[in-house]
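A short worksheet on the structure shown next.
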Amino acid sequence: MTSAEKSASDNNPERLYKVAFDLPEETARWARASTERLWTGKTPVKMEVQVRNTPFYAKGVAFGDIVRVRADHERREFVFEEFISESGHSAVRVIIKGDGVGEEVGIMLRAFGCSWEIDATGTLWAIDVPPHADYTSMRTALLRIAGEGKIGIEESALARGHRDGLGLTESDR
């Protein structure tokens, strides 16, 4: 490959694919959707993909995790089948309950090296906690803000490194 070809291939963004994660009935009710579709990228293993964004509703999966999918020909889409391996990232959801709270939470999340997505309402945040983040301290800060009634918090997928820091077991993923 010439340097021009390599340079051209470096400019080509990764091709991403949506995968449907069917939501449990209780979640689907408040989410007002029966399915959440997440972006994924190919892996070397057929029908295994790497999650490329942080879910708002699907539990047990975080950015970078590897999952197995199946083709659902009736629905004409790929559907989550099973969790394969974790990336070290965790996924946390926050519901903002007051004016000005988003700025406070954003400053705190940036200090821990996190990124996040915000839903269309501006109140539901899907937070990606990278492996290097001090999740024990971050969780303490989030629980303090939650204790003040400013946010709601849900740990939707905790990676082993973050669980170990909290003294949690595998079943607490």
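I'd like to know if segment 140-152 contains one or more residues that are within 29 Å of Arg68 (Cβ to Cβ) and open to solvent by less than 60 Å² (accessible area, probe 1.4 Å).
So far as segment 140-152 goes, no, none of its residues is within 29 Å of Arg68 (Cβ to Cβ) and open to solvent by less than 60 Å² (accessible area, probe 1.4 Å).
Whether a residue is more than 23 Å from Asp22 (Cβ to Cβ), at pLDDT 95 or above and aliphatic (A, V, I, L, M) was assessed, and Leu142 passes this test. Applying the criterion of being of a type in the set (Gly, Ala, Ser) and not in a strand (DSSP E or B) to the residues of segment 116-139, the residue that is surrounded by the fewest Cβ atoms within 10 Å (Cβ to Cβ) is Ala120. Kindly evaluate Gly167 against the criterion of being among the small types (Gly, Ala, Ser) and exposed (fewer than 15 other Cβ atoms within 10 Å of the Cβ). Taking the combined requirement at face value, the residue satisfies it.
Of the residues making up segment 35-85, just one is within 20 Å of Pro13 (Cα to Cα), crowded, with 22+ Cβ neighbours inside 10 Å and of a type in the set (Phe, Trp, Tyr), namely Phe63. Which residue is farthest from Lys42 (Cα to Cα), if the candidates are limited to segment 86-115 and must be open to solvent by 70 Å² or more (accessible area, probe 1.4 Å) and of a type in the set (A, V, I, L, M)? Selected residue: Ile107.
The values are calculated or read from the model by the stated rules, or taken from the named source; none is laboratory data. Here the structure is a predicted model, which means the values were calculated and not measured. A quick note on method: Cβ atoms are made from the backbone with ideal geometry, for glycine too, and the neighbour counts reach across all protein chains shown. Heavy atoms of the whole protein, side chains included, go into the accessibility calculation; ligands, DNA and RNA do not. Shrake-Rupley method; radii C 1.70, N 1.55, O 1.52, S 1.80 Å.
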